[in-house]
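S.K.: If you scroll down you'll find the structure; I have some questions about it.
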Amino acid sequence: MRPLHQIFKMKRERGISLIEALIVLFLTVCLIWGILPQFLRHQKERELKLACLTVKQTLALARFQAIKDRKNFEVIINRKGNILRIGNVETGEVVGREEKLPDGISVVSFSSNFPPIIFRPDGGLSGVSGSMVVRDERTGRKHKLILYSLTGKVKIEE
């Protein structure tokens with residue numbers, strides 16, 4: 001049996017033509033153009049979730065420190081620089097390192113009893129339960145963190 005190119009007396013060409021390369025390039029650009037906005041939107045949402053987790057972990061660390069040392073510990077939120085810190089209420093000493101929220105993301109509001117956010121030696125919060133809102137200024141999306149006074153636990157709501 002003879003190959004098809006010999007049957008139809010066509011020359012066998014090797015490689016790809018310029019037209020084929022341009023078609024592949026065009027299709028690749030179209031795919032990227034369609035996927036890129038979704039990827040960027042997902043990236044910003046991920047940054048907001050990461051910021052909420054940072055706030056939650058800072059609160060959890062302050063609670064742990066209060067239980068461990070049997071002293072009151074406070075979470076200090078510098079809203080201008082979006083910096084979170086844990087401090088000993090009695091001595092004013094800062095414990096651990098500061099956590100900075102990403103640019104464009106900030107803690108924008110508290111319920112009536114916050115700040116200060118003080119954890120007691122039993123792990124609970126001083127005062128009543130409350131909430132805070134973490135907002136992405138670029139997209140307007142926000143998440144609410146609920147703090148429970150009896151247990152000192154934190155829950156994130158989208």
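S.K.: Looking at 118, 86, 156, which is the one that is under 21 Å from the mean Cα position of the chain (by Cα) and farther than 20 Å from residue 48 by Cα?
M.R.: None of the others qualify; the one that does is 86.
S.K.: Which of (1) touching a strand residue (DSSP E or B) at 6+ places or on another chain (Cβ under 6 Å); (2) at pLDDT 85 or above does residue 67 not meet, given it meets every other one?
M.R.: Going through the list (1) touching a strand residue (DSSP E or B) at 6+ places or on another chain (Cβ under 6 Å); (2) at pLDDT 85 or above, residue 67 breaks only (1).
S.K.: Of these, 25, 48, which one is in contact with an Asp or Glu (Cβ under 6 Å, 6 or more places away or on another chain), assigned to a helix (DSSP H, G or I), at pLDDT 80 or above and of a type in the set (A, V, I, L, M)?
M.R.: That would be 48, the only listed residue that is in contact with an Asp or Glu (Cβ under 6 Å, 6 or more places away or on another chain), assigned to a helix (DSSP H, G or I), at pLDDT 80 or above and of a type in the set (A, V, I, L, M).
S.K.: Related question: Among the numbered criteria (1) at pLDDT 90 or above; (2) surrounded by fewer than 16 Cβ atoms within 10 Å (Cβ to Cβ); (3) assigned to a strand (DSSP E or B); (4) not β-branched (Val, Ile, Thr), which one does residue 145 miss?
M.R.: Going through the list (1) at pLDDT 90 or above; (2) surrounded by fewer than 16 Cβ atoms within 10 Å (Cβ to Cβ); (3) assigned to a strand (DSSP E or B); (4) not β-branched (Val, Ile, Thr), residue 145 breaks only (2).
S.K.: Can you tell me which residue within the stretch 89-134, out of those that are among the charged types (D, E, K, R) and touching a residue at least 24 places away in the same chain (Cβ under 8 Å), is farthest from residue 149 (Cα to Cα)?
M.R.: By that ranking, first place goes to 99.
S.K.: Name the residue that is surrounded by the fewest Cβ atoms within 10 Å (Cβ to Cβ), counting only residues in the stretch 127-140 that are touching a Lys or Arg at 6+ places or on another chain (Cβ under 7 Å) and outside any strand (DSSP E or B).
M.R.: 138
S.K.: Please work out which residue is surrounded by the most Cβ atoms within 10 Å (Cβ to Cβ), limiting yourself to the stretch 61-86 and to residues that are basic (Lys, Arg), part of a loop (DSSP other than H, G, I, E, B) and touching a residue at least 40 places away in the same chain (Cβ under 8 Å).
M.R.: Going through the qualifying residues, I end up with 71.
S.K.: Give me a count of the residues in the stretch 87-105 that are part of a loop (DSSP other than H, G, I, E, B) and surrounded by 18 or more Cβ atoms within 10 Å (Cβ to Cβ).
M.R.: Residues meeting the conditions: 1.
S.K.: Further question: So, residue 96, is that one over 14 Å from the mean Cα position of the chain (by Cα) and within 18 Å of residue 155 (Cα to Cα) or not?
M.R.: no
The values are calculated or read from the model by the stated rules, or taken from the named source; none is laboratory data. Owing to the predicted nature of the structure, the values given are computational and were not obtained by experimental measurement. Virtual Cβ from ideal backbone geometry, glycine too; neighbours counted across all protein chains shown.
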